[in-house]
Structures are given as structure tokens and as C-alpha cells.
Amino acid sequence: MFCITCGTRIPDGGAFCPECGTSVEAGYRWIEAQSAAAVITEPEPPLEPEPQPEPESQPEPEPQPEPEPEPEPEPEPDIPPATSAAVMPLVAPPGVLASTYFAETEPQPEPEPQPEPEPEPQPEPEPQPEPQPEPEPEPQLEQEPEPEPDAAPVTPAAVMPLVAPPGVLASTYFAEQEPQPEPQLEPQPDTPPAAPAADIALVPPPGVPASTYFPPPTPPEPQLDFPAPTLYPQPGMPAPAPSPQAPPPASTPEPTSKKKSKKGIIIAIVVVVLLALAAVGVVMGINITRENKYQAAVDLYNARNYQEAYDAFAEMGDYEDAEGYLIKAQEWLDYLAAIALYDDGDYVAALTAFRDMGGFQDSVSYIDMCELYIEYDRAVLLFEKGDYEAAIDAFWELKGSSFLDSDTWYYKSQYAFADKLYQNGDFYGAYLEFWVISSFEDASERMEQCKTPYPATGELYHNSGYLSSRSAIAIDAGNVTYPSYFKIYSGSTLVVTLWVNGGGSHTIDLPPGTYSMRQATGDAWFGEEVLFGDEGYYEVLIFNDNNEYYVLEDNIIVTITLYVSDGNMGSRKIGRDGL
């Protein structure tokens, strides 16, 4: 095996050229060629080191038609590879075309069919390369634009493997091989595309070292598997016929992609617009719905359906003035609830509810009414319990406001209280209570029953320590029509109580001594304790020299005439308790 760069022999099993370092694996295979005696018939003249110009008179071979793709046959494992072929040189003799040289070699066993990529026509003048399915794409040479249909493309010689597959004759393999277009790969950003090698012979001239003749090789990129380099003709050899350029792999037509992209954009825009319109419609629908609900709630409020209006406004949050309506509806609900309590007679609870409203509507008037009802009920309860005096005071307060039948209840309470006093012997007290309601029922008659009948003129009480007939005091009431009640004291000792009716008179026997006299007059007599009551007239008699004490001498009768115009006595008014 020889290096294709410098021509140095590479030991069997070697991976790199010992002279220039070219990798053996870079697109080459082992072949077993025929003997050199079978192909070399005449010696070659030594080659000049100077480069020769390319011959221009060499006619270009007609492009061969592309073979139709054949189905890939399954390999037959039982056919052993041929091993008897001799080693064949890797280059053709000078002046002989490589295709002609290798075509005349002995027929070799038919090689295994290799899968070839099926070319697809490119619909557009500017084809776009389709990504290769391999995970690590191989680098591609730049693809020249497709030539016009009527002009044959002029391209460099097609890349041809330098060795035939194992078990396949080189002559048969190379004769049947047609140049195939190399797949295109986009150059890596950090790896520039390889420049075509200059026309140089694969074998140095005689006497010239390969290391001097051949330029230093460029080490291959270890991570990339580049295809085999193009074989260029030796000096003096005609240029090989260009291989027809196969169309690049089919790719998705750009217009279809653009159409799909445009279609996708249009669909996206339409979807966005529809979503926006739907959102606007939803918002408008929500607003319309909220406005309808709001107006319905207002209608409920105006129709005094405050509970339903409150529930509706409560669901609207801060929409419009829903919060204000919510407060008003709640006030009306509280107001109506308080009125319901009022109508049910629960005036205490209603009073509390109305007081909490802060003057809403006529709640102040309801407060006054609740207070009257509460006081009225309290007065009735007092009457039912027999506490007539307290009931009289309660109904008296209500009587002034003419609340309900409080006047009647006042008279009833007053009458009941007067009767109670009468039953207890307090005739004067009963008299006074009946007198207050003298026009109610039989109160005036009951007043008369409370009075004590006038006693007969005479002494009601005479102290036994003052019994004597030697002196006397005579009382003459001939000038008056009303009765009089007298008390005679000796110092602080009560000596005599005397009753003298109008127009009457009476003489009291007393022992000589110093005495004072006190008189009470009136219309209604209630006994010696109450006398004529607070309505009576009470006084102390004044004798000569404005002295209330009179000295009664022995064996003398003194006459006192009541109410005379030219009398010699006077009086001083006192209270009932002072009698």
C-alpha cells in the first residue's frame, strides 16, 4: 500500500504514512491488484520536475447516462472473497487515462452492490441542501449551480476510490463504476473547505526524493471523515472526462415551506384575533350582564323588595354605586325589621333597633312611640299587681300625652287606690283620691262615704283632772253656719275637745286656771285625728293684749262669741298639725 500524497510505501497494518503522516483511513481501502508485469508493457521515460500544462486538445468524453438505481441485494455470506489477485499499482502509466487503464484489467468477481443514494430532481434553480440523517454529517464540497439543460457541465474529475472492494476485480469494478456525486455538507464554522489539490504526479520523478518533491501534507481533522481526494492526471496525461454532476439530494421546496410558514402565521393571526374578539366579547358580555343585573337590582330596590335588592347588590362588589345601594337596602331591612318588632308588641327590642338607626326615616318618632308603649305596658302591669299608687304615677305621665286609653287607666288606677284606702280606714286619703276623679264613675258618691258625720254639739273629750263646776267657758256659734271643733289646753295638757255646730252653743265647766284655746273649721269632717283634713281652717284664739293664754278666775263664766264684727278677740292661723 502506497501513500496517495507522497507515494511512500506504507507498511501493512499502518494507519498513517511514515513520510508525510497522511491517514490511511481517509476514504481508502485495500485492494489486491494484478501483477505489474500484466499492466506495464514499456518503460516510462523519466518525468521532468517541471509541471506540464494541461492538454487542451484532448476531446471530452461524452457523459454517460446515469444508471438506474438497483435494489440493494442482500450479501451472500457463503461466497468467500477472492484472494488470488496480484497487487496492482495505485496509478496508471503516464499518458494513459485512469478510466481506460483500469477498464482493461482482467475481469474481477462482481462486487457487492453498494447502496447508492437515490437522486431526486430539484424543482428550484437554487436548491437547498437537506440535512443528512447521520448524527455527525460529513463535510461537503461546495455545490456549483446546476448548468443549463443544453450544455454539458464541466467539472473536475470525479472522485473514484483507489481500491476495489475485497473479492472484486479492479478492472471490473472501475469499469462498472460511474462517478457519483459527492454529498454536500455545510462547512464547519471553524473548518474552512479544503482547496483542490494542484496537478501533481502521484510518483516523484526518478532521482527526486518524495519528501522534497511533494509539498508537506496538511494533517487531517481527526474528528471528520473526509471523502477521498480527487485524482488528477500525471504530467503529459490528458485530463479525465468530467463526470456528470448528480443533482443534490431532494429537500423540501422552499415555496412549500414558505407557504406553510405563511399559512401558519395567518392561522396564528386569525386565532389571536378571534381570541381577542372573544375576550372583548366576553368582557362586553360580562359588562352587559353586570349592567343588566345592576338595573334589575335598582328596580327591585325601587319596588321596595329590599331583601332581593340587597342580595343582588351584594354580588356586584364596587360596580357603579352598588355599595351605596347595599347600605341603603340594609338600612331599609333594619327599619322594616324594627317595625315588625313594633307591630308584634316587642317594644323593648324595637326601641333598641330604632335607636341604632341614627335617625333613619321616622325612627325618632318610633322611638318615642316605643317608649310610650313600654311605659304604658309597665303601668298596666303595676295596676294588675295592685300597685295602684305607682300605676297612678305612670298613667299620669301617659295621660298628659293622651296615649291610647291611658286616661281611662289613670282614673281606674286612682279609683282603685281610693277604694283601697277606704277599705283600710283611711277615709281622708280615700276622700282625697276620690275627689281627684270626682267625675269618674261614682267617685263623688264615694267621697261622701269617706266623710265622718258631724258629731252633736258638746264635749267629745274632757280630762278627768279638770272636772269642776266653780268656773265655766261658754262657746256661742250663733253667727255661723259651719261647725267648729275646739281644743282647750292647760299648758301642754289637753283638757277638753268640743264640737259646736253652726248656730249652736255649749258651756264647759272648768276649774280656775290659765288656759289656751284652738279652733278648727271645715266642710268635711274625718274624725279627731284628721279633723277637717288639709282643707280645714286651723287657728289659735288671741285674747286681750295679744295673748293666747286666758286666766280663768274662780266662780266666773266667760262667753266667747264666734265671728262678731266688734269683738274683743282675735286669732292666729296654724297648721292642722299645730291644733
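The values are calculated or read from the model by the stated rules, or taken from the named source; none is laboratory data. The model shown is predicted, which means the values in this text are computed figures rather than measured ones. Backbone-built Cβ (ideal geometry, glycine too); neighbour counts: all protein chains shown. These accessible areas exclude ligands, DNA and RNA; they are computed on the full protein's heavy atoms, side chains included. Shrake-Rupley method; radii C 1.70, N 1.55, O 1.52, S 1.80 Å.
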*Say we look at segment 344-373 and pick out the residues that are open to solvent by 80 Å² or more (accessible area, probe 1.4 Å), under 19 Å from GLU331 (Cα atoms) and not in a helix (DSSP H, G or I); which of these is modelled with the lowest pLDDT?*
GLN361
*Six or more apart or on different chains, Cβ under 9 Å: which pairs go from a residue in segment 410-426 that's without any contact (Cβ under 8 Å) to a residue 12 or more places away in the chain to one that's surrounded by 17 or more Cβ atoms within 10 Å (Cβ to Cβ)? Could you list them?*
GLN423/ALA430; ASN424/ALA430; ASP426/CYS450; ASP426/VAL530
_Whether any residue in segment 366-380 is farther than 24 Å from ALA418 by Cβ, out of contact with any strand residue (DSSP E or B) (no Cβ under 7 Å at 6 or more places or on another chain) and basic (Lys, Arg) is what I want to check._
no
*Could you please find all residues in segment 312-328 being in a helix (DSSP H, G or I) and out of contact with any Leu (no Cβ under 9 Å at 6 or more places or on another chain)?*
ALA322, GLU323, GLY324, TYR325, LEU326, ILE327, LYS328
*Restricting segment 538-579 to residues that are farther than 23 Å from SER492 by Cα and of a type in the set (S, T, N, Q), the residue that is least open to solvent (accessible area, probe 1.4 Å)*: THR561
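Of the residues THR514, THR521, which single one is over 16 Å from PRO483 (Cα atoms) and at pLDDT 90 or above?
THR514
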*Residues of segment 455-506 being farther than 21 Å from GLU529 by Cα, crowded, with 16+ Cβ neighbours inside 10 Å and of a type in the set (Val, Ile, Thr), which ones?*
ILE473, ILE475, VAL480
_On the basis of being in contact with a Phe, Trp or Tyr (Cβ under 8 Å, 6 or more places away or on another chain) and within 24 Å of TYR563 (Cα to Cα), does ILE508 make the cut?_
no
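Considering only residues that are part of a helix (DSSP H, G or I), farther than 22 Å from ASP442 by Cβ and not hydrophobic (A, V, I, L, M, F, W, C), look in segment 376-414 and name the one that is least open to solvent (accessible area, probe 1.4 Å). Give the steps one after another, and end with the answer.
Residues of segment 376-414 that are part of a helix (DSSP H, G or I), as a first pass: 376-385, 388-400, 406-414.
Right, trim to farther than 22 Å from ASP442 by Cβ and you get 376-382, 384-385, 390, 393-394, 397-398, 400.
Subsequent filtering for residues that are not hydrophobic (A, V, I, L, M, F, W, C) retains 376-378, 384-385, 393, 397, 400.
On the way: TYR376: 30, ASP377: 70, ARG378: 113, GLU384: 132, LYS385: 147, ASP393: 95, GLU397: 127, GLY400: 73 Å².
Taking the candidates together, the pick is TYR376.
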*Is segment 463-477 home to any residue that is charged (D, E, K, R) and in contact with a strand residue (DSSP E or B) (Cβ under 9 Å, 6 or more places away or on another chain)?*
yes
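If I go through segment 442-471 residue by residue, how many of them are in a strand (DSSP E or B), of a type outside the set (S, T, N, Q) and touching an Asp or Glu at 6+ places or on another chain (Cβ under 7 Å)?
The initial filter retains those residues of segment 442-471 that are in a strand (DSSP E or B), namely 458-462, 471.
Still in the list and also of a type outside the set (S, T, N, Q): 458-462.
Filter again for touching an Asp or Glu at 6+ places or on another chain (Cβ under 7 Å), leaving 460.
Number of matching residues: 1.
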*With respect to SER439, determine if the residue is under 30 Å from VAL530 (Cβ atoms), out of contact with any helix residue (DSSP H, G or I) (no Cβ under 7 Å at 6 or more places or on another chain), without any contact (Cβ under 8 Å) to a residue 60 or more places away in the chain and not in a helix (DSSP H, G or I).*
yes
